[in-house]
Every structure is written in structure tokens, then in C-alpha cells.
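S.K.: Before anything else, here's the structure in question.
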Amino acid sequence: MSPAVPERALRELGRTEGGPETLGLLVRDQHTRRLVMLRALLDAAQAAPAAVCPPDLLHRMHDDWALLEAAERADRTAVRALLLHPLTGPWAQRCLYGLTAPEPSPQLRDDLAHFGALAAAGAIRAGLSFSARLTPARGELALPTLGSLRTDSTEPVDIAFTDAELTSRQHDPRWQPVYCLPAVLPGSGPVPLDDLHPYRAVGGGPQRHGLSAAAVLDDSERKAWSESWSGMEPLLRIGGEHRVAEATALLRCLVPLAPPPGSGPTGESASHCSGTRREAFGAVLSSRPSTPAHFAATLVHELQHTKLAALGALAPLHHEDAAPRHFAPWRSDPRPFDGLLQGAYSHIALADYWQRFALGAENTAHRDLAWAEHARCREQVGAVLPVLAGSGELTREGRTVVNEMIALYHHLADRPPPLGHLARAAAYVDTARVIWCQRNGTQR
């Protein structure tokens with residue numbers, strides 16, 4: 001789909017960095033893939049038997065597509081931003097799977113009906129007048145990137161948009177707009193803290209990957225998120241200008257998760273969980289980080305997964321199988337090779353971030369915390385680099401990335417943490433290895 005990745009870009013990404021051209025390459029490829037998927041969705045609906053996609057639903061989808069096309073003619077930028085919004089991806093993938101699966105999905109009709117809400121949101125974004133009858137799901141009519149209208153039934157809702165005003169037969173207090181955090185940098189777009197999108201946790205979502213469930217926030221919780229976010233950018237910048245640049249270029253949406261088990265009543269304990277989804281490029285799913293520094297570290301961690309997954313879509317990094325058999329000090333279960341590579345990549349970025357934080361911290365307590373985090377992450381990466389480097393299934397691109405990771409690992413040793421932190425980190429990894437072997441057998 002895209003030309004070969006330049007050697008310069010591979011080396012930048014291997015160091016967990018990425019200049020504007022490199023990040024732009026990843027973004028453009030992911031956007032192209034999204035648009036192709038949306039077109040494939042309509043083609044699959046047309047090709048599906050009537051038992052899967054009935055004629056009335058197919059006709060409605062054609063009407064929705066026509067409204068999207070009209071909206072795009074009115075404001076291409078606004079509509080493309082909607083179609084490329086991270087959470088459009090999980091919905092489109094779910095629909096495409098449902099249309100092509102061996103057995104019809106009982107949720108498919110509702111999933112395809114969401115196309116109407118997407119088209120309506122596009123028209124509103126483009127300032128195009130229209131009227132439509134939309135079907136709510138589970139008591140809510142969600143207009144992606146805009147908000148959600150709570151209803152008392154599953155009956156269709158008539159909406160109209162004229163002269164920049166949206167009206168419906170429902171009462172205004174039922175409308176809940178999507179809450180947005182300020183832009184990472186002035187001039188870039190605000191970051192939605194989206195607890196309303198109906199497909200933010202589709203397919204088992206976070207829980208399937210060991211995360212907490214998607215959360216719905218009240219006003220006090222949104223305020224707490226805003227407070228952590230407001231102090232995040234200067235601390236992110238401590239990790240280097242490239243950390244701010246990648247957050248500005250890649251982060252398009254935050255999906256709040258409930259605090260994980262063991263957290264205090266306000267989520268202030270160290271217990272925290274976060275993740276990304278390959279089909280939701282640009283989204284980070286996270287429980288609320290307890291401090292701005294941990295908010296910055298969460299973005300560093302998760303955006304590495306975003307970058308490496310996007311790179312792997314452009315150019316396969318290895319041909320290893322998906323068998324879960326490898327030891328990873330950050331997980332209790334065996335990991336497939338790809339998961340090992342992803343984890344090592346994000347952890348070496350964290351080791352770099354926390355080292356920079358420690359070297360720049362003026363407060364002794366903050367410095368000690370940062371050195372402890374750095375030492376733990378670096379020791380964890382050191383435990384798995386031999387497995388990555390020893391693989392005979394790395395592609396040329398994968399070998400370049402792994403070699404750069406190894407170079408970064410050794411570069412970090414030029415400024416070691418205090419000896420006590422190194423000793424504790426080494427003991428932590430050794431203990432994790434012993435426990436893992438007891439649970440899972442011989443370490444690979």
C-alpha cells in the first residue's frame with residue numbers, strides 16, 4: 001500500500017524517536033488504510049446476501065454514504081477528520097467482519113445503523129443542512145466526536161440540522177457533548193476525552209486485554225483528568241522535544257478506563273492500566289494517571305505501541321509465529337514474539353524518558369522515583385533483547401529496528417542510576433523470571 005520505509009525513518013523509529021517526515025509517513029499510511037476499509041465496508045454490504053444485509057438496510061447505507069459525500073464536498077477537512085477519528089476504526093472493522101463472517105452476527109443490524117449517525121455527524125461537522133431519522137442503541141443516540149443524546153426508548157429519533165443548530169424531538173438537557181482536553185501544543189487540535197462513543201470498547205475491548213472497563217465520567221472526574229493533563233506537557237517535554245512532537249502528531253483521542261482493582265476510591269494509588277488498539281490508530285485507553293508525570297509516561301509508553309504497530313503495517317518486522325512462549329518481565333504470562341518486541345520497544349522508550357526526567361529533576365524525591373523507574377525498565381529490556389536479537393525471522397526492517405534498540409540500550413548505560421537502584425531493579429527482574437518459570441515452565 002505504501003512505498004518502502006526509508007532507512008533513516010527505520011533508524012529514527014528504532015531509537016523510539018521519529019521526525020515530522022517519519023511520523024507523517026505512518027499517519028498517511030494509516031489514514032489510507034482507514035479510507036480503504038470504509039470503502040470495503042460499503043462494497044461488502046452490497047455483496048452480502050439479503051439475509052445478512054436486507055435491502056432496506058442497504059438502501060439506507062447508500063443514503064448515508066451520499067450524505068457523507070455531500071458533506072465532504074462542503075468541508076473535506078472536517079469530514080476526513082471524522083472518518084479518520086480513531087474510534088471509527090473499531091466500528092468499521094466490526095461491521096466488515098459481520099458482513100463477511102460465516103455466521104450472521106445478531107448485532108450487525110445495529111452496527112450498520114450506526115453509519116447513519118456517522119453520516120449525520122459528518123454533515124454537522126461540515127455545516128451542511130439535513131434531516132434524518134436515526135436509531136438509538138441501548139438508550140443512547142451517539143453522534144461520533146460530537147456527543148450523545150439519551151433517550152427513553154429504542155424508537156427512531158428525528159433530528160434536523162439547519163443554520164448551525166441541531167434540533168430533535170428530545171429535550172436539550174438529555175444531550176451530553178464529548179468532553180475535550182486542551183491541545184498538547186497551541187495550534188494543534190484539542191484531545192477528546194471520549195467516554196461516550198459506543199464503539200470505544202467494542203469486541204470485549206479493554207477487558208479482553210486485561211484492562212479495566214471503559215468508564216463514564218462525571219463532572220468531578222473530568223475535572224481530575226483536566227488537572228493531571230494541565231501539568232503534563234512540561235513534564236513530557238523533559239523526555240525530549242520528540243516526545244511532544246509524537247504526542248501532537250499521533251494522539252487523537254483518550255478513552256477513560258475505570259480504575260483497576262486495588263486503586264483507591266479516587267484512583268489516586270499507583271495502580272494504573274493503559275493500552276492501545278491497532279484498529280483505533282491515535283487512541284490511548286487509560287485509567288486516570290495519578291500525577292502529570294505519570295500521565296506523560298503513559299503517553300510515552302502507549303504511543304510507542306502506536307508507532308511500532310503502524311510501522312509493522314507498512315513493513316513487516318518479522319516472520320515469527322504467534323505462539324505465546326517467551327518470558328517478559330512486565331507480564332506474568334508467556335508472550336508471542338510480536339508482543340515481546342512491542343513490550344521491549346515501549347519499555348526502552350520509558351527507560352529513556354525516566355532517565356532524562358531523573359537528570360533534569362530538582363526535587364530529590366522526584367529524582368529517586370525517576371531513577372527507580374528508569375532502572376527497572378532498562379533491566380526489563382535487557383532481559384529480552386537477546387531473544388529479539390537472536391531471532392532468525394527478523395526482516396531487514398525488523399533487524400534495523402532491533403539494532404537501534406540495542407544501541408539505545410547501551411547508550412543509556414552512559415549515565416547510570418545510583419547503584420542501589422540498579423541492584424533493586426536486577427533483583428526485581430530475577431524474581432520475575434523465577435516466578436514466571438514456576439508458572440510457565442522453561443523460559444524462552
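The values are calculated or read from the model by the stated rules, or taken from the named source; none is laboratory data. Just so it is clear, the structure is predicted and the values come from calculations on it, not from any experiment. Cβ atoms come from the backbone with ideal geometry, glycine included; neighbour counts cover every protein chain shown. All accessible areas refer to the heavy atoms of the entire protein, side chains included, with ligands and DNA or RNA removed. Shrake-Rupley method; radii C 1.70, N 1.55, O 1.52, S 1.80 Å.
S.K.: Among the GluC sites (Glu not before Pro) in the stretch 237-332, which ones are in a DSSP loop with at most 16 other Cβ atoms within 10 Å of the Cβ? Mind listing them?
M.R.: In loop regions of the stretch 237-332 (DSSP not H, G, I, E or B), the sparsely surrounded GluC sites (Glu not before Pro) are GLU268.
S.K.: Separate question: What is the extension gain from ARG424 to LEU359, computed as 0.36 nm multiplied by their sequence separation minus the C-alpha to C-alpha distance, in nm to one decimal?
M.R.: Net length gain for the segment: 21.5 nm.
S.K.: Residue farthest toward the positive end of the dipole of the chain, with Cβ of Lys/Arg at +1 and Asp/Glu at -1: which of GLY312, ALA323, HIS294?
M.R.: ALA323
S.K.: Rounded to the nearest 10 Å², what accessible area does ARG378 have for a 1.4 Å probe in the complete protein model?
M.R.: So the heavy atoms of ARG378 present about 40 Å² to solvent.
S.K.: Taking the solvent-accessible surface of protein heavy atoms with a 1.4 Å probe, what is the per residue accessible area of the chain in Å²?
M.R.: For the chain, the solvent-accessible area averages 44 Å² per residue.
S.K.: Compute the FRET efficiency between SER230 and ALA389 as 1/(1 + (r/R0)^6), taking r as their Cβ-Cβ distance and R0 = 60 Å, and round to the nearest 0.05.
M.R.: Here the calculated transfer efficiency is 0.90.
S.K.: Using Cα springs under 10 Å in a Gaussian network model of the chain, which residue among VAL157, VAL244, VAL381 shows the largest mean-square fluctuation?
M.R.: VAL157
S.K.: Cα centroids of the stretch 83-115 and the stretch 389-444: how far apart, whole angstrom?
M.R.: Computed from Cα coordinates, the inter-centre distance equals 39 Å.
S.K.: May I pose another question? Of the accessible area of the chain, with the probe set at 1.4 angstrom, what percent is carbon plus sulfur?
M.R.: Summing carbon and sulfur atoms, their accessible area is 54 percent of the total for the chain.
S.K.: Any idea how far apart ARG39 and GLU69 come out in nm if each label point goes 7 Å out from Cα toward Cβ?
M.R.: Spacing of the two 7 Å Cα→Cβ label points: 1.3 nm.
S.K.: Another question about this same structure. Quote the charge dipole size of the chain about the Cα centre in Debye, to the nearest 20; the model charges only the Cβ of Lys and Arg (+1) and of Asp and Glu (-1).
M.R.: So the magnitude is around 860 debye.
S.K.: Taking 7 Å along the Cα-to-C-beta vector as the label spot, tell me the ASN440-HIS319 distance in nanometres, rounded to one decimal.
M.R.: About 2.5 nm, to one decimal.
S.K.: Accessible surface of CYS437 in the full protein assembly, 1.4 angstrom probe, to the nearest 10 Å²?
M.R.: Accessible area, nearest 10 Å²: 50 Å².
S.K.: For the stretch 132-181 and the stretch 332-378, what is the centre-to-centre distance using only Cα atoms, to the nearest Å?
M.R.: 43 Å
S.K.: So which residue, out of PRO316, PRO90, PRO106, gets the largest mean-square fluctuation from a GNM of the chain using Cα contacts under 10 Å as springs?
M.R.: Fluctuation is largest for PRO106.
S.K.: Here is a further query. Given the whole protein assembly as supplied and a 1.4 Å probe, what does the accessible area of ARG222 come to in Å², nearest 10?
M.R.: Near enough 20 Å² of accessible area.
S.K.: Label-point separation (nm) for GLU155 and ALA81, each offset 7 Å from Cα along Cα-to-Cβ?
M.R.: According to this spin-label approximation, the distance is 3.6 nm.
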